[in-house]
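J.: Dropping the structure in here first, questions after.
The values are calculated or read from the model by the stated rules, or taken from the named source; none is laboratory data. Here the structure is a predicted model, which is why all the values come from computation and not from measurement. Note: ideal-geometry Cβ built from the backbone for every residue, glycine included; neighbour counts use all protein chains shown. Side chains included, ligands, DNA and RNA excluded: accessible areas come from the protein's heavy atoms. Shrake-Rupley method; radii C 1.70, N 1.55, O 1.52, S 1.80 Å.
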Amino acid sequence: MNRLLLLNGPNLNRLGIREPSIYGTETLKDVESSLRMLLESHGWQLDAYQSNHEGELIDSLHGAEGKYDGVIFNPAAYTHTSVALRDAISSISVPVIEVHLSNVHAREEFRHTSMLAPVCRGQIVGLGTTGYRIAALTFLEENKKG
Ligand code: CA2
C-alpha cells in the first residue's frame, strides 16, 4: 500500500485556535482528517505527526526513508532558518513537498527565504489548507501505475 507522511512544525498545533485571519479556522486535526479521507479514497494511507522540536522533525524525516512514498511538510518557522532540516531532506530519497498556509512572500521579508525549498520536490504557498491536498494529489498523480 502507498503511504504518505504529513509533517507539521512548530506552533502548527495552534492552528484554528489563534490568528484565524492568517492561518484560517481549521484545526490541525481537521486538516489531518480531510487529507486522510482524500488519500484513503484512493487506497493510500496517511500518517500525521506534529512537533515543536527541530530534532524530532529531523528524526521523522530520517524515519520516512523506505517507509513512505512522499512527505508533505510544513516546517513553519524552521523553513527560514534550518540548515539541519535541509540536510535531513537531502539525506533521504523520499520526495518532500514544502507547504505553507500563508503567502510568505506577502509577509515580512525574513519569511521570503526558504532554506528547504531547493532540496524539496516542490513548494506550495498561500493556498491555505488546500495546499496540503494539492501536495497529496501531486503524489497520487506521480505514483499512478500503468
Ligand atoms: O504559512 C505557513 O504555513 C507558515 O509555515 C506558518 C509558520 C510561519 O512561521 C511561516 O513563516 C509560514 C507559523 C506557524 C504558526 O502557526 C500558528 C497557528 C495558529 C496561531 C498561531 C500560529
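J.: Just to check your reading of the model, which residue among S21, S51 is of a type in the set (S, T, N, Q), closer than 23 Å to G63 by Cβ and within 16 Å of the ligand (Cβ to nearest atom)?
T.: S51
J.: Does any residue in the range 64-77 that is part of a helix (DSSP H, G or I) come within less than 8 Å, Cβ to Cβ, of a residue that is open to solvent by 50 Å² or more (accessible area, probe 1.4 Å) six or more places away or on a different chain, and which pairs are these?
T.: As it stands, the answer is A76/N11; A77/N11, since those pairs meet every condition given.
J.: Among the residues of the range 53-61, is any touching a residue at least 60 places away in the same chain (Cβ under 8 Å) and touching a helix residue (DSSP H, G or I) at 6+ places or on another chain (Cβ under 8 Å)? Explain how you work it out, then say what you get.
T.: Quick first cut of the range 53-61, residues touching a residue at least 60 places away in the same chain (Cβ under 8 Å) only: none.
Looking through the range 53-61, none of the residues is touching a residue at least 60 places away in the same chain (Cβ under 8 Å) and touching a helix residue (DSSP H, G or I) at 6+ places or on another chain (Cβ under 8 Å).
J.: With the checklist (1) touching a His at 6+ places or on another chain (Cβ under 7 Å); (2) open to solvent by less than 40 Å² (accessible area, probe 1.4 Å); (3) hydroxyl-bearing (S, T, Y) in hand, flag the one item S60 doesn't pass.
T.: Result: S60 passes all but (1).
J.: Still on this model: Look through the range 16-51, keep the residues that are within 14 Å of the chain's Cα centre (by Cα) and not charged (D, E, K, R), and return whichever of them is farthest from L140 (Cα to Cα).
T.: Out of the qualifying residues, it is S51.
J.: If you check every pair at least six apart or on different chains, which have Cβ atoms under 9 Å apart with a residue in the range 94-112 that is within 9 Å of the ligand (Cβ to nearest atom) first and a residue that is in a helix (DSSP H, G or I) and modelled with pLDDT under 95 second?
T.: Every condition considered, the pairs that remain are L101/I22; L101/Y23; S102/I22; S102/Y23; R107/I22.
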